[in-house]
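These notes concern the structure reproduced below.
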Amino acid sequence: MKNLRELHAQALQEGWAVPHFNFTSLAQLQGIADALREFRSPALLGASEGERTFMGIHQTVALVRSLRDEGLAVFLNADHCRSVESAKEAADAGFDSIHADLSKKEFAENTKETREIAEYVKKVNPEAEVEGELGYLATDSSRIYAEEVVIPEDSYTKPQEAMEFVRETGVDRLAPAIGTIHGIAANTPKLRFDLAQELRAALPGITLVLHGGSGVTDEEKERIAKAGFNNIHVSTELRVAFTGALRAALRDNPDEVIPYKYLAPAREATAKVVAHHVKLFGSANRA
Ligand SMILES: [Zn+2]
């Protein structure tokens, strides 16, 4: 089986994207795995600090490892580690990938601490990938926003800084800000394809990651995958599908108390969203 770095290199070369799906429960993970199995797609499975704390950090690692033992091409990402300590904790626990998100800090501090994380992670596991983040997304939480979200001009990633950041930190992946937000807002975000192209040209061989994929139209998702963003995050859409199906199941069957019965539709709804994105990103039949 290919390791994560080989997988991203292949995606970049062939013009498709490795999908990144977040999970917070076994039922969600089962839904994701159902679709990956059916469509033979590789994936990065993500747990944020909140998600891994809820599930238990060691349980999170064991769950994803159990899927890989079964033959699925899945890797575990510590999504949005907001401190050096948090990143080191995930690396020690056996995560395959660490996302150092220090994008709220000043450039110099972000660079210095991301480099510290990258050096540490590679010592723990030379095959593990490290992602850095530069520029900032206007929202933190993957949820539905009733209001419109305006992205300040200054928050977009600058290609010159991105080159310096990647060179100085030694990261494998960069999450730039090109117009998406976390969650789904009242307004549809406009992706800056001109900036995407500039970044792709400036950073040969580096995996470019799109966070906040949920609010973007299908057409734009397909286009950005082909434009060399070889890793794309989907989280809010999974949460919305899971929660909606669960709500309906509980409402329609008020006497049902068996979790595996009322969770089944939520698992199926999750699988559907995953299948849709696997086809959109071109990752089907790549595992
Ligand atoms: Zn994100």
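The values are calculated or read from the model by the stated rules, or taken from the named source; none is laboratory data. The model shown is predicted, which means the values in this text are computed figures rather than measured ones. Reconstructed Cβ throughout: ideal geometry from the backbone, glycine too, with neighbour counts over all protein chains shown.
As an exercise: evaluate ILE224 against (1) within 16 Å of the ligand (Cβ to nearest atom); (2) more than 19 Å from TRP16 (Cα to Cα) and give the number of the one condition it does not meet.
Exception for ILE224: condition (2).
Please work out if PHE39 is touching a residue at least 40 places away in the same chain (Cβ under 8 Å) and surrounded by fewer than 24 Cβ atoms within 10 Å (Cβ to Cβ). Before the answer, list the steps.
Working: touching a residue at least 40 places away in the same chain (Cβ under 8 Å): yes; surrounded by fewer than 24 Cβ atoms within 10 Å (Cβ to Cβ): yes.
Taking the combined requirement at face value, the residue satisfies it.
Of the residues ALA264, ALA284, only one is within 21 Å of the chain's Cα centre (by Cα) and more than 27 Å from TYR145 (Cα to Cα); which?
Working: ALA264 fails: within 21 Å of the chain's Cα centre (by Cα).
The unique qualifying residue is ALA284.
Just name the residue that is farthest from ASP140 (Cα to Cα) out of those in the stretch 91-119 that are among the small types (Gly, Ala, Ser) and within 15 Å of the ligand (Cβ to nearest atom). I'd like the intermediate steps shown before the answer.
Keep residues of the stretch 91-119 that are among the small types (Gly, Ala, Ser), which gives 91, 93-94, 97, 100, 103, 108, 118.
Subset that is within 15 Å of the ligand (Cβ to nearest atom): 97, 100, 103.
Numbers: SER97: 20, ALA100: 14, SER103: 11 Å.
My answer is SER97.
So which residues in the stretch 261-275 are among the charged types (D, E, K, R) and buried (at least 20 other Cβ atoms within 10 Å of the Cβ)? Spell out how you get there, then give the answer.
Kept after step one, since they are among the charged types (D, E, K, R), are these residues of the stretch 261-275: 261, 267-268, 272.
Scanning the stretch 261-275 gives a single hit, ARG267.
Scan the stretch 118-135 residue by residue and report those that are in a loop (DSSP other than H, G, I, E, B) and touching an Asp or Glu at 6+ places or on another chain (Cβ under 9 Å).
Step one: of the stretch 118-135, the residues in a loop (DSSP other than H, G, I, E, B) are 125-128, 135.
Listed by number, the residues that qualify are ASN125, GLU127, ALA128, GLY135.
Provide a single number: the residues in the stretch 201-216 that are within 16 Å of the ligand (Cβ to nearest atom) and either more than 17 Å from ARG173 (Cβ to Cβ) or not in a loop (DSSP other than H, G, I, E, B) (or both).
Applying the first criterion (within 16 Å of the ligand (Cβ to nearest atom)) to the stretch 201-216 yields 207-216.
In the following step, the residues that additionally are either more than 17 Å from ARG173 (Cβ to Cβ) or not in a loop (DSSP other than H, G, I, E, B) (or both) were identified as 207-210, 213-216.
Final tally of qualifying residues: 8.
List, please: which pairs have Cβ atoms under 6 Å, are six or more places apart or on different chains, and start with a residue in the stretch 174-194 that is among the β-branched types (Val, Ile, Thr) and end with one that is modelled with pLDDT under 85 and more than 11 Å from the ligand (Cβ to nearest atom)?
Sorted first by the residue in the stretch 174-194, then by its partner, the pairs are THR180/PRO189; ILE181/ALA138; ILE181/VAL149; ILE181/PRO189; ILE184/ILE144; ILE184/GLY215.
Could you list, in sequence order, all residues of the stretch 157-200 that are away from the ligand (no atom under 16 Å from the Cβ), under 20 Å from the mean Cα position of the chain (by Cα) and in a loop (DSSP other than H, G, I, E, B)?
Across the stretch 157-200, the qualifying residues are GLY170, ASP172, THR188, LYS190, ARG192.
Identify, please: which residue in the stretch 85-104 is in contact with a strand residue (DSSP E or B) (Cβ under 8 Å, 6 or more places away or on another chain) and hydrophobic (A, V, I, L, M, F, W, C) and is, among those, surrounded by the most Cβ atoms within 10 Å (Cβ to Cβ)?
Once the filter is applied, the top-ranked residue is ILE98.
List the residue pairs whose Cβ atoms are under 6 Å apart, where the first residue sits in the stretch 70-83 and is farther than 14 Å from HIS8 by Cβ and touching a residue at least 24 places away in the same chain (Cβ under 8 Å), the second is among the hydroxyl-bearing types (Ser, Thr, Tyr) and within 16 Å of the ligand (Cβ to nearest atom), and the two are 6 or more positions apart or on different chains.
Hits for this filter: ASP79/SER48; HIS80/SER48.
For the stretch 217-237, check the following and say yes or no: at least one residue is in contact with a Lys or Arg (Cβ under 7 Å, 6 or more places away or on another chain), under 30 Å from LEU134 (Cα atoms) and part of a loop (DSSP other than H, G, I, E, B).
Within the stretch 217-237, the subset in contact with a Lys or Arg (Cβ under 7 Å, 6 or more places away or on another chain) is 227-228, 231-232, 236.
Imposing the further condition that a residue be under 30 Å from LEU134 (Cα atoms) reduces the set to 227-228, 231-232, 236.
Then drop every residue that is not part of a loop (DSSP other than H, G, I, E, B), which leaves 227-228.
Yes, there is a match, as at least one residue in the stretch 217-237 is in contact with a Lys or Arg (Cβ under 7 Å, 6 or more places away or on another chain), under 30 Å from LEU134 (Cα atoms) and part of a loop (DSSP other than H, G, I, E, B).
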